[in-house]
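What follows is a single structure, written as structure tokens, with notes after it.
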Amino acid sequence: MESTRRTTVAELVGQGWGDHRPGLWSEERTLTRHQVTAEAAARAALLADLLPPDAEPHIGVLLDNTPEYPLWLSAAALAGAAVAGINPTRRGPELARDILHTECRILVTERTHLPLLAGLELPGLRLLVTGTEEYDDLLAPYAGAEPDTSRAAPGDRLLLYFTSGSTGAPKAAICTQGRLAAAGRSLVEQFGVRPEDVHYICMPMFHGNAVIADWAPALTAGAGVALRRRFSASRFLTDVRAYRATYFTYVGRAVQYVLATEPRPDDRDNPLRLGFGTEAGAVDAAAFERRFGVRLVEGYGSSEGGAAIQWTPGTPPGAVGRATPGLVVLDPDTGVECPPAAFDGAGRLLNGDEAIGELVNRGPNPFEGYWRNPEADAARRREGGYWTGDLFYRDADGYLHFAGRADDRLRVDSENLAAAVIENILARYDGATAVAVYAVPDPVAGDQVMVTLAGNFAPPAFAEFLLAQPDLGTKMAPRFVRVVERMPVTATNKIHRAGLRREGFRCADPVWWRPPGECAYRRLTEEDAEKLVAEYREHGRAELLAGQPKGPAPRT
């Protein structure tokens, strides 16, 4: 199709002009593709007048998945500007840091998020609050604007989206118009996206998954887009049917949340033909297909674009895909390639210590760097390759299996977190003389937060302390707290994180935990640990506990 030859997102936006098919649905609005392009053109014209000529052309977007989000993405593309997706789960100084670091001079937000900005020092920032009379009045003079796709070039920045890593603070990865347009083309070709398709976007649009894997291919193919303000498992199938959605993306535990809803006899009566995402796990992917009749395709792509693994027919359960030329699994300490994984008769990994390493791309890659962060760029590009920061192992047939995040990274419910940021907050707790934050595998997908705390631990006081921290994001609170008299250290006097991670919640020290859905901490018992391990087995992730002791120490 002609649209697949477009080289900028601005051109993809412009092709909607004159197309009067419905193109954007949400809870409160339906817009044709022509209206989407016209609304984007109006916002692009407004941007041209509002952005100072001596400033970076960056706008922050702090919105839920409302129609304004794709409209501002489209507007930025037409204006040759870039959108910094601002995460509403961030708090206080950390939220301010994200806005200031990306040099945003304009922040588009909505009334519900204004309390997040109260009291923050954001000099030189202009707020545009959608859904207000002032906002409508500001846009009114530009209502007749037409799209001008000539202002954009493939190399223009379009996205600045945050990802975490070893440097602690989130890094803003750069994605240009050319890379996003190419990603859209690739997914259109891979999945045969058609103009009559409808892409259901229920993952947050400040996350790269929703924009790169859901919005971009829909825009490329001229397909429709349906929005859910915030992910809702109970509304998932209702929305899919109402919008006649044929495709959706997911990350982390979203698939499990949908599977946890009450089954109905007509679950398979839906228009979906494909779900594409990461970390659902083989067990839940199979359960989803049995229940809804919809195939889930698991893929892998580093947020920054430096490496990707594509599922192909024949990929074994639990694997992401085959290693393509250039993709290798290396020991991060020695740079030597890890040996293939060995499995027992039940498919359990036997040699995780030597087989699991960091995925590195030694071939061409489209990584475009981080905004104003040369140290992070250098950490990614080294020794002739792109180091993903993600752990994998390779089986004897060349298929790659995801094994978690690098040492000081956590991925909790689809969000990347940095251990150092959480540690700095928990260190304020009066009873703590030292804290170490690290990931333990989640039974279903991604990680859970665990902290080892040296000092005095009082569960009620610790829970109250967490609630009182304004910069503790909603996904940062520890699930497990290991209490020690003295923090274990290495020979170089560094905290022995590898040992803590290896032991996890099954260790000789007392461990307190918050069961899912609870705020209070209670002592982890042997029975609790056994139930947790059973859940890991149920979801095919028990091998991630390999090397840990078989159970917690008995109570004393």
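Details
- Identity of the residue in the range 466-504, at pLDDT 95 or above and touching a Phe, Trp or Tyr at 6+ places or on another chain (Cβ under 7 Å), that ends up surrounded by the most Cβ atoms within 10 Å (Cβ to Cβ): V481
- Taking every residue in the range 281-301 that is buried (at least 20 other Cβ atoms within 10 Å of the Cβ) and pairing it with any residue that is of a type in the set (V, I, T) and at pLDDT 95 or above, at least 6 positions away or on another chain, the pairs with Cβ-Cβ distances below 7 Å are F288/V294.
- Only one of the numbered conditions (1) out of contact with any Gly (no Cβ under 9 Å at 6 or more places or on another chain); (2) of a type in the set (S, T, N, Q); (3) at pLDDT below 95 is not met by N65, and that is (3).
- Among the numbered conditions (1) of a type outside the set (D, E); (2) buried (at least 21 other Cβ atoms within 10 Å of the Cβ); (3) closer than 29 Å to Q15 by Cα, the only one that L95 does not meet is (3).
- Within the range 189-212, being out of contact with any Phe, Trp or Tyr (no Cβ under 6 Å at 6 or more places or on another chain) and closer than 29 Å to T102 by Cβ holds for I201, M203, P204, F206, H207, N209, A210, V211, I212.
- Restricting attention to the range 437-456, the residues being more than 20 Å from A403 (Cβ to Cβ) and either surrounded by fewer than 23 Cβ atoms within 10 Å (Cβ to Cβ) or acidic (D, E) (or both) number 3.
- Checking each residue in the range 12-37 for being surrounded by fewer than 22 Cβ atoms within 10 Å (Cβ to Cβ), touching a Ser or Thr at 6+ places or on another chain (Cβ under 9 Å) and assigned to a helix (DSSP H, G or I) picks out no residue at all.
- Of the helices (runs of 4 or more DSSP H) entirely within the range 220-292, those holding at least 3 residues that are over 22 Å from the mean Cα position of the chain (by Cα) occupy 236-243, 282-292.
- Among (1) in a loop (DSSP other than H, G, I, E, B); (2) surrounded by 22 or more Cβ atoms within 10 Å (Cβ to Cβ) - the single one T7 does not satisfy: (2)
- Qualifying positions in the range 84-139 - more than 24 Å from K475 (Cα to Cα) and free of Cβ contacts under 8 Å to residues at least 12 places away in the same chain: P123, E133, E134, Y135, D136, D137
- Restricting the range 407-442 to residues that are part of a strand (DSSP E or B) and of a type in the set (V, I, T), the residue that is nearest to A172 (Cα to Cα): V412
- When residues of the range 396-406 are limited to those that are at pLDDT 80 or above and part of a loop (DSSP other than H, G, I, E, B), the one surrounded by the fewest Cβ atoms within 10 Å (Cβ to Cβ): A396
- Answer from L125, L117, L160 - the residue that is modelled with pLDDT of 95 or more and buried (at least 22 other Cβ atoms within 10 Å of the Cβ): L160
- Selection of the range 339-358 for residues being modelled with pLDDT of 90 or more and under 27 Å from the mean Cα position of the chain (by Cα) yields only E358.
- Any chance A445 is in contact with an Asp or Glu (Cβ under 9 Å, 6 or more places away or on another chain), over 30 Å from G119 (Cβ atoms), assigned to a loop (DSSP other than H, G, I, E, B) and at pLDDT below 90: yes
The values are calculated or read from the model by the stated rules, or taken from the named source; none is laboratory data. None of the values given here were measured: they were computed from a predicted structure. Quick reminder, even Gly has a Cβ in these numbers, built from the backbone with ideal geometry, and neighbours come from all protein chains shown.
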